[in-house]
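Peer 1: Could you have a look at this structure, given as C-alpha cells, before my questions?
The values are calculated or read from the model by the stated rules, or taken from the named source; none is laboratory data. This one's a predicted model, so the numbers in the text were calculated from it and none came from an experiment. Here Cβ is always computed from backbone atoms with ideal geometry, including for glycine, and neighbour counts include all displayed protein chains.
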Amino acid sequence: MIIEHFAVAPLGCNCVILGDEERGTAIVVDPGGEAARILARLEALGLRCEAIVHTHTHFDHIGATKEVQLGTDAPTMIHEDDLFLYEGVQMQLDSFRAPFRAPDMAEIDRFLADGDTVLTGSLEAAVLHTPGHSPGSICLTLQGDRPVVIAGDTLFARSVGRTDLWGGNTSKLVDSIRRKLFALPDETLVICGHGPNTTIGEERRLNPFVGIA
C-alpha cells in the first residue's frame, strides 16, 4: 500500500494519495490545490486515480477537485451534510475576503455516510462521520501492518479543527474525537488535514482539547 501526503495551496492542506501499487490504482483525498502537482505525482507512482474523496468541503480542501477529476475521470465523493459548503465556495471566500473567484466545481458523484467503504484495488478506506469542524466532516481509516486514519481537520497534533466556521460545533467535534477516533488503537497513525502527523495514543494523552488519558 502506498500512502503519500504533501501540503498544497497557500493554506497548506495535506493532499493524500492512497495507492494499491500492485494494481496501479489510487484514491486522492483532499486535492486542495496544485492540480498539476497532484496529477504528476500520480503519474510518477504509476497510479490511476479511481476516487476523489473530501474529508470536508472548506475551500482550502477542494480547490483542485475539478482539474483532478478532469485529469483522471474519477468520481468525486463527499458527505451530504457538507454539500451546502461545497455549493457555497464563493460565500466561503467572500467571508475570508479572499481576492479571487471560486474555481469551477466538479460534479459530486457519490455521497458518503458513516460505515461506507471507498475501494480501489485491494485497498479499503472505511468512512467515519465525524461532525464538528463541519457538519459533513469525515475521516478515513485503513488497516494494514499499522492502522492509519486520515483525519482531515477533525484532529491535529495537539490541537483540533476550529468550530467557528459554517456549521461548526465544538461539542460535536469533541464527541466525534472521543467516541470514534479515540476508539482506534493507540498506534494508529493520524494524517492530519494540516501540519505534521501524530498518533491516536499521543493525542489521547497529550491533546489539551480532548485528552482523556
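Peer 1: I'd like to check something: does the stretch 172-189 contain any residue that is under 23 Å from residue 63 (Cα atoms) and either at pLDDT below 95 or of a type in the set (Ser, Thr, Tyr) (or both)?
Peer 2: Scanning the stretch 172-189 turns up no residue that is under 23 Å from residue 63 (Cα atoms) and either at pLDDT below 95 or of a type in the set (Ser, Thr, Tyr) (or both).
Peer 1: Since residue 25 meets every condition but one in (1) buried (at least 24 other Cβ atoms within 10 Å of the Cβ); (2) closer than 20 Å to residue 119 by Cβ, which condition does it not meet?
Peer 2: The number of the failed condition is (1).
Peer 1: Among the residues of the stretch 181-213 satisfying the criterion of being more than 18 Å from residue 55 (Cβ to Cβ) and charged (D, E, K, R), which is surrounded by the most Cβ atoms within 10 Å (Cβ to Cβ)?
Peer 2: 204
Peer 1: Taking the stretch 174-190 on its own, how many of its residues are over 19 Å from residue 114 (Cα atoms) and outside any loop (DSSP other than H, G, I, E, B)?
Peer 2: Going through the stretch 174-190 one residue at a time, the tally reaches 1.
Peer 1: Could you please give the count of residues in the stretch 98-138 that are within 16 Å of residue 150 (Cβ to Cβ) and among the aliphatic types (A, V, I, L, M)?
Peer 2: Total satisfying the criteria: 9.
Peer 1: With respect to residue 202, is the statement that it is acidic (Asp, Glu), in contact (Cβ under 8 Å) with a residue 40 or more places away in the chain, in a loop (DSSP other than H, G, I, E, B) and farther than 28 Å from residue 93 by Cβ true? Steps first, please.
Peer 2: On the way: acidic (Asp, Glu): yes; in contact (Cβ under 8 Å) with a residue 40 or more places away in the chain: yes; in a loop (DSSP other than H, G, I, E, B): no; farther than 28 Å from residue 93 by Cβ: yes.
Here the answer is no, as residue 202 does not meet what is asked.
Peer 1: While we're here: Failed condition for residue 47, given (1) closer than 16 Å to residue 5 by Cβ; (2) under 18 Å from the mean Cα position of the chain (by Cα), with all others met?
Peer 2: The failed condition is (2).
Peer 1: Pull up the stretch 60-103, narrow it to residues that are acidic (Asp, Glu) and within 20 Å of the chain's Cα centre (by Cα), then point me to the one that is surrounded by the most Cβ atoms within 10 Å (Cβ to Cβ).
Peer 2: Out of the qualifying residues, it is 82.
Peer 1: Continuing with the same structure: Out of (1) loosely packed, with under 14 Cβ neighbours inside 10 Å; (2) of a type outside the set (A, V, I, L, M); (3) farther than 21 Å from residue 165 by Cβ, what's the single condition that is false for residue 20?
Peer 2: If we test residue 20 against (1) loosely packed, with under 14 Cβ neighbours inside 10 Å; (2) of a type outside the set (A, V, I, L, M); (3) farther than 21 Å from residue 165 by Cβ, just (1) comes out false.
Peer 1: Looking at 162, 178, 146, 158, can you tell me which residue is of a type in the set (D, E, K, R), touching a residue at least 24 places away in the same chain (Cβ under 8 Å), surrounded by fewer than 16 Cβ atoms within 10 Å (Cβ to Cβ) and at positive phi?
Peer 2: The match here is 158.
Peer 1: Return the total of residues in the stretch 163-173 being closer than 29 Å to residue 33 by Cβ and not in a loop (DSSP other than H, G, I, E, B).
Peer 2: Here is the first cut: in the stretch 163-173, the residues closer than 29 Å to residue 33 by Cβ are 163-170, 172-173.
Now restrict to residues that are not in a loop (DSSP other than H, G, I, E, B): 170, 172-173.
Residues that pass the stated criteria total 3.
Peer 1: Hey, could you check the stretch 112-143 for residues that are surrounded by fewer than 19 Cβ atoms within 10 Å (Cβ to Cβ) and of a type in the set (A, V, I, L, M, F, W, C) and say which is nearest to residue 82 (Cα to Cα)?
Peer 2: Selected residue: 113.
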